[in-house]
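A short worksheet on the structure shown next.
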Amino acid sequence: MPRFVVRYLGKGERPEGAVTKIRALEGASILDDSGPMLLVDAPEQALRAAIGSDADWMIAPEVQYKVPDTRKKLKGPPER
């Protein structure tokens with residue numbers, strides 16, 4: 001199932017009613033809750049329906065980046 005970052009952009013504390021709706025979604029789980037942001041594993045359409053058209057919430061797919069290998073490596077002998 002896809003994972004989404006759900007962020008509250010409004011002023012003050014986030015409304016817990018929206019979080020309650022997300023928790024009530026069938027098959028959805030909140031993987032991380034860090035104040036204004038949630039990492040949610042849920043179907044996109046159901047998640048967007050739970051949030052509704054409230055402009056204070058943003059939903060974006062989770063993006064993962066590969067960390068580059070920056071370790072120094074030995075070089076071979078010089079070419080002749």
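Derivation of every value follows stated rules applied to the coordinates shown; laboratory data play no part. Worth saying up front: this structure is predicted, and the values here are computed from it rather than measured. Cβ atoms come from the backbone with ideal geometry, glycine included; neighbour counts cover every protein chain shown.
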Check off (1) surrounded by fewer than 13 Cβ atoms within 10 Å (Cβ to Cβ); (2) under 16 Å from the mean Cα position of the chain (by Cα) for Val5 and give me the number that stays unchecked. (1)
Six or more apart or on different chains, Cβ atoms under 9 Å: show the pairs whose first residue is in the stretch 23-48 and at positive phi and whose second is hydrophobic (A, V, I, L, M, F, W, C). Gly27/Met1; Gly27/Ala42; Gly27/Ala46
Considering only residues that are surrounded by 11 or more Cβ atoms within 10 Å (Cβ to Cβ), out of contact with any helix residue (DSSP H, G or I) (no Cβ under 7 Å at 6 or more places or on another chain) and either within 18 Å of Gly10 (Cβ to Cβ) or of a type in the set (Gly, Ala, Ser) (or both), which ones fall in the stretch 55-80? Asp56, Met58
